[in-house]
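Following: one structure in structure tokens, then a few remarks.
Any read-out appearing in this document is the output of simple, stated calculations on the displayed coordinates, not a laboratory observation. Treat the numbers as computed from the prediction; the structure is a model and nothing was measured. Here the Cβ positions follow ideal geometry from the backbone for every residue, glycine too, while neighbour counts run over all protein chains shown.
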Amino acid sequence: MKKRILLISILTSITPSVIAEPMIPTSSSQWAELYQPPYKQPTELPVGSKLRKELFNMLRKETDPATKFKGSLKAFRNWAVFIGETVNAKGQMITHPPFDNPDTACLWIRTTKGWVIVESSFGHSDAFYIIWPEIYGTPKGLIGME
């Protein structure tokens with residue numbers, strides 16, 4: 001755990017930013033061709049939306065299929081990020097090892113073959129996902145960083 005925190009500290013302090021701004025401006029008609037959904041800023045996926053259901057069904061394959069999720073699922077450009085908790089059908093928290101907590105995070109990217117999970121975690125103890133922009137090029141706004 002201490003090694004992970006040290007690694008995150010080192011990476012975020014010395015690694016130059018490699019996050020590229022989109023080449024296509026949000027005002028371009030091509031924006032909607034490239035990005036689905038075509039949100040022009042990080043946006044919470046509406047409860048009941050087809051994409052929200054699709055992404056959570058993918059994440060359920062990595063845990064108990066009856067699992068529900070509580071938290072924020074945002075999309076922007078070709079990325080989606082969930083940061084929240086696992087719960088059962090009654091809304092009660094489901095804990096996971098190694099720290100017996102419900103914390104859950106997932107990162108998806110939309111490829112030419114559809115949405116795929118890049119990384120996910122259950123029961124983690126820290127906000128390790130803050131390094132996703134440096135590792136994968138995830139838009140910082142998706143995880144609350146500007």
What's the Kirkwood radius of segment 41-146 in Å, using all Cα pairs? 14.0
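Taking the Cα centre as origin and putting +1 on Lys and Arg beta-carbons and -1 on Asp and Glu beta-carbons, what dipole magnitude results for segment 17-125, to the nearest 20 debye?
Values: 13 positive and 10 negative charges, 82 e Å.
Around 400 debye, computed over segment 17-125.
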Once label points are set 7 Å from the Cα along Cα→Cβ at both ILE109 and LYS68, what is their separation, rounded to one decimal in nm? 3.3
Derived scalar couplings ³J(HN,Hα) [segment 43-55; Karplus, 6.51 cos²θ - 1.76 cosθ + 1.60; whole Hz; x for Gly, Pro]: 9, 5, 6, x, 4, x, 6, 4, 5, 4, 4, 4, 5
Cβ neighbours within 10 Å, averaged per peptide: list 90-102, 133-145 in order, most packed at the top. 133-145, 90-102
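Once the convex hull of the alpha carbons of segment 87-146 is built, what does its volume come to per residue, in cubic angstrom?
Details: hull volume 6.7 nm³, N = 60.
Each residue corresponds to 111 Å³ of Cα convex hull volume.
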